Amino acid sequence: MFISFEGIDFAGKTTQLEKLRAWFEERGENVETLREPGGTALGERIRELLLSAAHEDMTESAELFLFSAARAQLTRAKIEPALRDGRVVLIDRYYDSTTAYQGYGRGLPLDEIEILNRAATGGTNPDLTFILDLDFDASRRRQAERDDGATDRIESADRDFFERVRNGYLTIADDEPDRARVIDATGSIETIHEIVVRETERRYAERKNS
Ligand code: Z5A
């Protein structure tokens, strides 16, 4: 199975991914956990370029191509081999992040993004995507509780940007109800985990029977 976690920053993606990893491992599954951008040596270098505040002048299309390049590398080098080996792949962000952030957020043409997403992934799509839905104020409250207080290049965008991104995710979920499941990210960590597990079990059973 291939499962992605999406949502604005501080929605709790990493927290839920780790809990689902533990759940699969308790069931004897071999799990690969990955994140975007990153997950390969090249991808981690691209991540540094993308998030560094030193690149304030990065153009929107350069940003789009860098995210796509990191994804192409990760898909070929890690995701496809892991799926071929029968491992479960859990990923913190995948191509929906590009649709939400560069498409709905930055306003780049969605049809062009769709073509790039397909080229970068070669059609390797998640079986299931959890969209953790959180509003901007709640995200910033969680950020304020974080110790280091550091803000990367993308986190420093304004409220309107993050509201467009959030609404973009909700549109993706409306467009693809079979794959994408929206979860209210203000619930407790345990409540959200229970929803994630329930939905995963349902999809897991469907796949076994198909
Ligand atoms: N980006 C893009 O623009 N285009 C793309 O194609 C891709 C990415 C792939 C990557 O950032 C940035 O790149 C990101 C999108 C953009 N920018 N933004 N903004 P990243 O990978 O460094 O980080 P992130 O994914 O945005 O956020 P994060 O800080 O890793 O957040 P998270 O994984 O969603 O949350 P968390 O680490 O699990 O939890 C955050 C805190 O909240 C932590 O203290 C938790 O204990 C707490 N938490 C978690 N769940 C709860 C609940 N349920 N209640 C209360 N508190 C909670």
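What is the one condition in (1) under 15 Å from the mean Cα position of the chain (by Cα); (2) in a helix (DSSP H, G or I); (3) more than 9 Å from the ligand (Cβ to nearest atom) that residue 165 does not satisfy?
It is condition (3) that residue 165 fails.
Is it the case, given these coordinates, that residue 141 is out of contact with any helix residue (DSSP H, G or I) (no Cβ under 9 Å at 6 or more places or on another chain) and not acidic (Asp, Glu)?
On the way: out of contact with any helix residue (DSSP H, G or I) (no Cβ under 9 Å at 6 or more places or on another chain): yes; not acidic (Asp, Glu): yes.
Against the criterion (out of contact with any helix residue (DSSP H, G or I) (no Cβ under 9 Å at 6 or more places or on another chain) and not acidic (Asp, Glu)), residue 141 qualifies.
Can you name the residue in region 179-210 that is assigned to a helix (DSSP H, G or I) and in contact with a helix residue (DSSP H, G or I) (Cβ under 8 Å, 6 or more places away or on another chain) and is also surrounded by the fewest Cβ atoms within 10 Å (Cβ to Cβ) among such residues?
For region 179-210, the residue satisfying everything is 189.
I'm trying to understand the selection: among the residues of region 10-28, which are within 10 Å of the chain's Cα centre (by Cα) and not hydroxyl-bearing (Ser, Thr, Tyr)?
Of all residues in region 10-28, those within 10 Å of the chain's Cα centre (by Cα) come to 13-14.
Passing the criteria: only 13.
In the set 150, 144, 119, which member is in a helix (DSSP H, G or I), within 13 Å of the ligand (Cβ to nearest atom) and not basic (Lys, Arg)?
Sole residue among the options that is in a helix (DSSP H, G or I), within 13 Å of the ligand (Cβ to nearest atom) and not basic (Lys, Arg): 144.
Using the structure shown, decide if residue 138 is within 9 Å of the ligand (Cβ to nearest atom) and either part of a helix (DSSP H, G or I) or without any contact (Cβ under 8 Å) to a residue 24 or more places away in the chain (or both).
Criteria met by residue 138.
Are there any pairs, at least 6 apart or on different chains, whose C-beta atoms fall under 9 Å, with the first in region 151-178 and exposed (fewer than 15 other Cβ atoms within 10 Å of the Cβ) and the second of a type in the set (Lys, Arg), and if so, which?
159/140
Being among the charged types (D, E, K, R) and modelled with pLDDT of 95 or more is the filter here, so list the residues in region 179-210 that pass it.
Across region 179-210, the qualifying residues are 179, 181, 184, 190, 194, 198, 199, 201.
Scanning for something free of Cβ contacts under 8 Å to residues at least 40 places away in the same chain and either in a strand (DSSP E or B) or of a type in the set (Ser, Thr, Tyr) (or both), does region 105-115 turn up at least one residue?
no
What are the residues in region 71-114 that are within 13 Å of the chain's Cα centre (by Cα), of a type in the set (Gly, Ala, Ser) and farther than 15 Å from residue 125 by Cα, if any?
Correct list: 100 only.
Do you know which residues across region 57-87 are in contact with a strand residue (DSSP E or B) (Cβ under 6 Å, 6 or more places away or on another chain) and surrounded by 23 or more Cβ atoms within 10 Å (Cβ to Cβ)?
Result: 79, single match.
Residue 97 is checked against (1) small (Gly, Ala, Ser); (2) at pLDDT below 95; (3) in contact with an Asp or Glu (Cβ under 7 Å, 6 or more places away or on another chain) and fails just one. What number does that condition carry?
The one condition residue 97 does not meet is (2).
Only residues that are buried (at least 23 other Cβ atoms within 10 Å of the Cβ) and either farther than 22 Å from residue 168 by Cβ or away from the ligand (no atom under 16 Å from the Cβ) (or both): list them for region 1-40, please.
39
Got a number for residues in region 108-150 being aliphatic (A, V, I, L, M) and surrounded by 16 or more Cβ atoms within 10 Å (Cβ to Cβ)? Break it down stepwise before answering.
We begin by selecting, within region 108-150, every residue aliphatic (A, V, I, L, M); these are 108, 110, 113, 115-116, 119-120, 128, 131-132, 134, 138, 144, 150.
Checking the rest, the ones that are also surrounded by 16 or more Cβ atoms within 10 Å (Cβ to Cβ) come to 108, 113, 116, 120, 128, 131-132, 134.
So the count comes out to 8.
Can you work out which of the residues in region 29-67 that are over 15 Å from residue 155 (Cβ atoms) and part of a loop (DSSP other than H, G, I, E, B) is farthest from the chain's Cα centre (by Cα)?
Out of the qualifying residues, it is 57.
The values are calculated or read from the model by the stated rules, or taken from the named source; none is laboratory data. The structure displayed is predicted, hence computed values, not measured ones. Don't worry about glycine lacking a Cβ; one is built from the backbone with ideal geometry, like all the others, and counts go over all protein chains shown.
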